[in-house]
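A short worksheet on the structure shown next.
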Amino acid sequence: MDDVQAIRRLKNGDIGGLESLIACYQARAVRTAYLVTHTEPLAEEVVQDAFIRFYEHAGQFDERRAFEPYFLRMVVYAALNAVERESRSAVSLDADADLGGLEYLLECASSVEEQVEFEQLKRAIHQAIGALPPRQRLAAVQRYYLEMSESEMSAALDVAPGTVKWLLHEARARLRALLGWQRSEE
Amino acid sequence: MKKIPYSNILDAVAGDQIPADLDLAPNIIARIQKGKGYRMQPRLKLISAVLVAAIVLAVLFYAVPGVAAAIGRWFGYLPGVGLVSEGQVRALAEPATLTRAGVTVTVDQVVLNQERTALLYSVDGLPDSAIADVREEPACDYRVTLRLPDGSQLLATPNGVQNWGSGYQHRFNYAPVPGAVDAATLLIPCLYQARPGAAPENWEIPLRFVAAAPGATVFPVIEIPTPTAVVAGAAVTDTPVAGTPATAAPADAEAGLSLTLDRAVQMEDGYLLYATLHWEAAPYSSVSLNNPAAALHLLDANGQELVYELRDEEGAGVNVDQRQTVFALKTAPVQTPGPLTLALDSVMVTIPAEASFVFDPGPDPRQGQEWQPGLEISIGERRLRVVSVVHEGSGYSVAMNSDTGIISAGVVDHEHTVVSGFCTEGSLLQGGRSDFGCGWNYQDGVPAGPLTLSITSISVEHAQPLAVQWTPPAVSATLLPADASACLTPETWQAALGQPRPIPAGLAGKVLVRGPVDENNPAGDWGIAIANLDGSARQPIAGANDGAFSPDGAKLAYSKIDSGIWIMDLSTGQSAPLAGTGYGDFNPLWSPDGERIVFNRGVGIFDLFIVNLDGSELRQLTSGGVQEYPAGWLADGSLLYNVAGRVYETTVYRLDLHSGESQVFSNENISSVSPDGQQLAISELAFGERWQVAVSDLTGANRRALASGSLWVLTPRWSADGQWLLAGVSDTDSGATLGALFNPSTCEVIPVPGLRGSILSWAQ
C-alpha cells in the first residue's frame, strides 16, 4: 500500500519496488490510458512503457509527492502521444469543444436509478468518448476521470511543484504576450 | 439521492473494456531485464518538463490564474499560507481530533485571513478493507466542507494530497470566513476513497478560531530596500544562440532589464527570497525566467552555489502590465556570513514581430487534412519554417520550427473571429533546433478562401547576465545545518578524484555492485555483478535483482524475480535455489551467524520472513499491513526493520526474534548497521532532492554527516571492522555513480573509480 518505500527501493535499483507499484496501479492506469486510446492493447502498451520509463527515471522522483496522480498524469499524456502517433491525427484546437454531449451523458448517468439504464448510458458514454478527437478525450479524462486541478499539474511534471507552477504561469503570460491578446485575468 | 461522481462512471466505462485479471508485471519485468536498467539521466528532467509544460499549456490556456495585487507591508510569513498582512491572521485554537472505530481524523491546521481559509487535515488508521476497489464498486462521494454557524457551507478547493499506507493528509482552501465568525464545523460525509459503509461516515468536527497566538509559527519578513546593488543589467544586447549571426533590434540596446531582491522571509532552515525581474516597455512584451535550473544561480559569500528550490508563492508570476516578473525561491541554510548573490545568466524574452504568410486551404478543407507549406519566414535576423498546417475542429493548427533560436511564435488570423487557441513552446536543448506551434478555432467555422496569418511575436532566449546582492542578518546558530562539517562536498570530491589514492591496506574483499554491464558504456544496460573492491574481476550475475554476502564472505544470497532467493557458493560459482522461497521473494539479509536468511515477501504489502539455509523453519516475522524492510542486526541479535509511515517519514522497529515483539527504535531511515551492531548508517533525503548519508551511534548521538552539496551518496555498506563505509557517490550533473570509501572518524574520502554503480554488499 505504501508507495514511498517502493519508490525508495526503486531509487536503490530494486526492481521489487516496481512490482509493488504495478500491482497497485496497473488497473487504474490501463483504464486511464484506455479512455484516451480507446483500444485496449494500445492502452496496455502505453502503461507498460510508462512503468518502464518510471523505473528508468525513478531516481528523479520526489517521493514527497503522491505517486498515483503523478503516474496517471504521465499515462494520460503518453496515451495521447500514442494515439496521435498511431492515427497521425492532428492536435485539436479547443479542449472544450464537443465535450458538451459527453457532459450531458455523464450528468444523466450520475443520477440514474436503474441498473439497466446505467448500463445503457455507460455504452453511450463509451461511444461518445470514442467519437472525440484524441485531445478532447485527454481533456475529458483530465477533467472528469482524474479530476485534475491546476495545483495537481505539478505532479505531472518531473520537477519540484513550485517550479512547475512557475513554468505554467510563465508560459501562459508569455503566450498572452505572444498572441497580443488582452484577456482579462481570471 | 446521492449522485455518482463522473470519475466513477468513467471508471466503470473503462473497466468494462479491461480484463479483470490484468497482470502487466511479467511483461514489464521481462522488458526491463532484456533492455535498459536503472540509471539517472539528469538532463531528461528539464527536457520532459519543457515538453510537458507545452502540452499543459495547450490544454489550460483559459485557466489563467490571477496575479496578486501589489504587495504591501507584511506582518509575516505563515507556512502553508504565505505572506500575511498585520492583524489579519487567525488560526485554529487547538488541533481537533476525533476517533471512531479505530479511524482518526485530525484537523491539523487552519489559518484564516482576509484572502482565504487554508485547512489541513489528516486521516489515519483506515484499514485496507475500507478502501474501495473501484473496479468493483464506486468509492463514496468525497466532499469536505466547512459549515459556518449560520448554516452556510464553504466548498473546498483541493490544494494538495499526500497518501500513505493507512491514511492521507489533504489540504484545502476555502473562501474567507468573516472576521466575526470564530467557529465552524468540518463536515466529511465519507472519507477519501472509502467504500460506502466500510468506514465511519458523516464526520462532524467542531473547530474554534482565535487570533494567531504569539507562539504560532510566523516567520519574520525582511523588506529589502529598493534598489539593491544591481551588479549588471543596465545595457542589454540581444544575443542569439550559437550558430546565428549576432542581431540587435535597434531598441534592444535601450531596453533596460534589471533584477531586484524585494524581501526575504527568515526561516529556520534558510530564507525564502522574493525577487523581481523588471523590463522597460520596448522592445519586449514579456520577460521571464528561462530554464531556471541552469540559468538561475544563488551564490554565498564565498562564491559557492547554494541549493535552492523555486516555490509557488502567491504573487509570483509574470505581470505584463507592470512589466515585471516576480519569483520566489527557498534557499538551503545559509552557512557563510556575507552577501548572497542572485544571478541570472539568461532570460526568456518575447519580442513583437511583424510578419505574415498566406495559407490557401482550397475550396473544401477536410477534417484532419494536412498541408505542408514548407515556408521559411525571416523575422529580423532569425528564421522560422512553417512545416505543416492541419484542419481539425473548427480551425487550424500550425507546426513550425527554427534553428535560429526562436522557441515559440504567436500566429493569429486577424481577419476572422477566433474563439480559442493555444501555442506550444519548443526547447533549445534538442541540437539547437526547436519545434513549436499554434492553433485556433474560428467562431463560425473555417472561413473560405486563402487566409493571411500573422506572426505577431516570437520568444527567444536572451543571454544577459543579471545579478543582485543582499546580505542576510548575521548567521545564527539555528541556521547552521547539521552537515556543516560534512566529509564530502562537490569540491572535495573533485579534488579527491584528481589525486588518486590507493585503497588503504587491510581493506579488500568482494563487492556486490549494481552498475553498467559494460564498464565502458555507463549509459548502457545495468546489472548486478561481483567485483573486487577496486572494481576488477567483475562477474555479472544474470537475472539477479539484489543480494547480500554471507557474514563469512563465502556465499552470496540473491533474488531472481521469477524464482525467489538463490544461494551462490563463491568458491565454485554454483547457485541453488533456497528452499521455501519462490516467485517475488526478494531482499535477502543474512543472520549474523550465517545460518538463516531474512527476506521480503508480498505484493504491495511486504512482510518479513525468515528461513534456515536448508529451507526449514520458514516463518513470518511481521504482518503489519505495510511495507517492512530489513535494515540490519543489533549486537543482541534483534533485527532492525524500516516501515514507511506518512510521506517522508520512516519508523524503524526493533524485533526480538524470540518473543516476536517489535518496539519503535528510531524515526530515521537506517540504511545499514555496522557488523558489531553499534553504529548506524542513515540515509536521508535532503533539501533539493539529494540523498545524503550520516552515521551515528545507536542512540542517534555522535552524528556525522558524510556529504553535503549536490552529490548523492547511496547505499552505504560497512567494512568488517566498522571503520569504513563503502558507498556509491552519484554526481547529479553527470549522472555517473562511482564507489567511494568513507572513514567517518577521520573524514577521509577515497574514490574507487573502478567501482561503477551503487553498492549492495561488501564481504571482507
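On the stretch given as the range B:284-308, residues that are modelled with pLDDT under 80, out of contact with any strand residue (DSSP E or B) (no Cβ under 7 Å at 6 or more places or on another chain) and either more than 14 Å from chain A (Cβ to nearest Cβ) or surrounded by 22 or more Cβ atoms within 10 Å (Cβ to Cβ) (or both) total 0. Scanning the range B:196-211 for residues that are within 24 Å of B:Pro149 (Cβ to Cβ) and buried (at least 18 other Cβ atoms within 10 Å of the Cβ) returns B:Trp203, B:Leu207, B:Phe209. Has the range B:426-436 got any residue that is at the interface with chain A (Cβ under 8 Å from one of its Cβ atoms) and either at pLDDT below 75 or under 20 Å from B:Val390 (Cβ atoms) (or both)? No, the range B:426-436 has no match at all. For the range A:34-44, filtering for residues that are more than 9 Å from every other protein chain (Cβ to nearest Cβ) and surrounded by 23 or more Cβ atoms within 10 Å (Cβ to Cβ) leaves 2. Restrict the check to the range B:69-91 and report whether at least one residue is in a loop (DSSP other than H, G, I, E, B), modelled with pLDDT of 80 or more and within 30 Å of A:Phe54 (Cβ to Cβ). So far as the range B:69-91 goes, no, none of its residues is in a loop (DSSP other than H, G, I, E, B), modelled with pLDDT of 80 or more and within 30 Å of A:Phe54 (Cβ to Cβ). Residue count for the range B:334-389, restricted to those that are farther than 24 Å from B:Tyr442 by Cβ, at pLDDT below 90 and among the hydrophobic types (A, V, I, L, M, F, W, C): 5. Within the range A:70-105, the set of residues being modelled with pLDDT of 75 or more and farther than 28 Å from B:Cys438 by Cα comprises just one member, A:Leu105. When the range B:309-343 is limited to residues that are of a type in the set (S, T, N, Q) and assigned to a loop (DSSP other than H, G, I, E, B), the one that is surrounded by the most Cβ atoms within 10 Å (Cβ to Cβ) turns out to be B:Gln335.
Candidates in the range B:591-613 are the residues that are at pLDDT 85 or above and either among the small types (Gly, Ala, Ser) or closer than 21 Å to B:Asp23 by Cβ (or both); of these, the one that is farthest from the chain's Cα centre (by Cα) is B:Gly594.
Quick check on B:Thr341: is it within 9 Å of chain A (Cβ to nearest Cβ) and touching a residue at least 24 places away in the same chain (Cβ under 8 Å)? Taking the combined requirement at face value, the residue does not satisfy it. Residues that are under 33 Å from the mean Cα position of the chain (by Cα) and closer than 29 Å to B:Glu280 by Cβ do not occur anywhere in the range B:354-376. Within the range B:357-402, the set of residues being of a type in the set (Ser, Thr, Tyr) and surrounded by 15 or more Cβ atoms within 10 Å (Cβ to Cβ) comprises B:Ser388, B:Ser394, B:Tyr396, B:Ser397, B:Ser402. The condition of being in contact (Cβ under 8 Å) with a residue 60 or more places away in the chain, within 8 Å of chain A (Cβ to nearest Cβ) and β-branched (Val, Ile, Thr) holds for only one of B:Val318, B:Val358, that being B:Val318.
Scanning the range B:579-613 for residues that are part of a loop (DSSP other than H, G, I, E, B) and within 30 Å of B:Gln678 (Cα to Cα) yields B:Asp585, B:Ser591, B:Pro592, B:Asp593, B:Gly594, B:Glu595, B:Ile605, B:Phe606, B:Leu613. Search the range B:405-424 for residues being closer than 24 Å to B:Ser394 by Cβ and in a loop (DSSP other than H, G, I, E, B), and hand back the single one that is modelled with the lowest pLDDT. Filtering the range B:405-424 for residues that are closer than 24 Å to B:Ser394 by Cβ and in a loop (DSSP other than H, G, I, E, B), the one modelled with the lowest pLDDT comes out as B:Thr417. Against the conditions (1) within 14 Å of chain A (Cβ to nearest Cβ); (2) assigned to a strand (DSSP E or B); (3) out of contact with any Gly (no Cβ under 6 Å at 6 or more places or on another chain); (4) modelled with pLDDT of 85 or more, B:Ala399 satisfies every one except (3).
The values are calculated or read from the model by the stated rules, or taken from the named source; none is laboratory data. Just so we're clear, the structure is a prediction, and the values are computed from it rather than from any experiment. FYI the Cβ positions are ideal-geometry reconstructions off the backbone, even for glycines, and counts take in every protein chain you see.
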